[in-house]
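The values are calculated or read from the model by the stated rules, or taken from the named source; none is laboratory data. This one's a predicted model, so the numbers in the text were calculated from it and none came from an experiment. Don't worry about glycine lacking a Cβ; one is built from the backbone with ideal geometry, like all the others, and counts go over all protein chains shown. These accessible areas exclude ligands, DNA and RNA; they are computed on the full protein's heavy atoms, side chains included. Shrake-Rupley method; radii C 1.70, N 1.55, O 1.52, S 1.80 Å.
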Amino acid sequence: FVSASIYKLYVAYGIYQLIDDDKLALGDSLAKYGINNTVEHCLNIMLPVSDNPCAQELGRLYGWAKLDEMLQQNGYTSTVLNNYNSHSTVVRDKYTTAYDTALLLRRLYNGKLLSKSSTDAFITSLKASEIDYMLPSGLPDGTVVANKIGFLDEYQHDAGIIYSPKKNVLVVMLTKGWESAPASEASEAFEYLGGRIWEYIR
């Protein structure tokens, strides 16, 4: 699938890995990449509000080609984020699969993706999502969800972890083909799925 903003999960992974490897610090400035903010600030808005400029500059900081190589080496074999040519012009879309996305979230949830501090920060940012018209709309008020939504024209996605008193469930739903009113049509489907999942886990 065209990834839409789901790609920001992989960017966050790469940046947090650099931090864990002491190659980058949260307080480092992104000024030379065109953003007058710090790495920490961009991480804190890239996921909850799906900020595009921060995602693009964090991707540039890591290096899109290097990020793709790292992802391939770690088992995300169907994800391609480097959609730029040698002149830094966008020439295609970014792509991922439900399997790759679920693999990343499963490793994150199990503490096998990053250090504990980076894991906690990553999940906290996902729990702070301010876009709740997808899966969360079908869940009871107050349900904790650590998720990332992606939407781009006919593509409408949601991926994350639903927390409940009995069990936690990882859900990845990537969809396409929404043509007339993508956001409203897709939100009904996601709301329905969220409700059915809650019936299963409650």
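See the values below:
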| quantity | calculated |
| --- | --- |
| Search result, residues across region 158-195 that are in contact (Cβ under 8 Å) with a residue 40 or more places away in the chain and open to solvent by 30 Å² or more (accessible area, probe 1.4 Å) | N168, L170, V172, M173, K176, A183, E191, Y192, L193 |
| Candidate set from region 45-66 (those that are of a type in the set (G, A, S), in a helix (DSSP H, G or I) and open to solvent by less than 40 Å² (accessible area, probe 1.4 Å)); member that is nearest to T124 (Cα to Cα) | A55 |
| Residue count for region 2-36, restricted to those that are out of contact with any strand residue (DSSP E or B) (no Cβ under 6 Å at 6 or more places or on another chain), part of a helix (DSSP H, G or I) and surrounded by 14 or more Cβ atoms within 10 Å (Cβ to Cβ) | 14 |
| Region 60-106, residues that are at pLDDT below 95, of a type in the set (D, E, K, R) and in contact with a Phe, Trp or Tyr (Cβ under 7 Å, 6 or more places away or on another chain) | R60 |
| Residue in region 166-175 that is over 19 Å from I201 (Cα atoms) and in contact with a strand residue (DSSP E or B) (Cβ under 8 Å, 6 or more places away or on another chain) present | yes |
| Residues satisfying the stated conditions in region 104-123, i.e. under 22 Å from D68 (Cα atoms) and basic (K, R) | R106, R107, K112 |
| Verdict on Y155 being open to solvent by 30 Å² or more (accessible area, probe 1.4 Å) and within 21 Å of R196 (Cβ to Cβ) | no |
| Hits in region 78-97 - residues which are within 17 Å of V2 (Cβ to Cβ), hydroxyl-bearing (S, T, Y) and either free of Cβ contacts under 8 Å to residues at least 24 places away in the same chain or exposed (fewer than 15 other Cβ atoms within 10 Å of the Cβ) (or both) | S78, Y84 |
| Residue list for region 137-147, restricted to those being in contact (Cβ under 8 Å) with a residue 12 or more places away in the chain and out of contact with any Phe, Trp or Tyr (no Cβ under 9 Å at 6 or more places or on another chain) | N147 |
| Condition met for K148 (within 21 Å of P48 (Cβ to Cβ), open to solvent by less than 40 Å² (accessible area, probe 1.4 Å), of a type in the set (D, E, K, R) and out of contact with any strand residue (DSSP E or B) (no Cβ under 6 Å at 6 or more places or on another chain)) | no |
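Each row is one residue, and each column tells you yes or no for (1) under 13 Å from the mean Cα position of the chain (by Cα); (2) acidic (D, E); (3) open to solvent by 90 Å² or more (accessible area, probe 1.4 Å).
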| site | (1), (2), (3) |
| --- | --- |
| Y99 | no, no, yes |
| L105 | yes, no, no |
| F122 | yes, no, no |
| D132 | no, yes, yes |
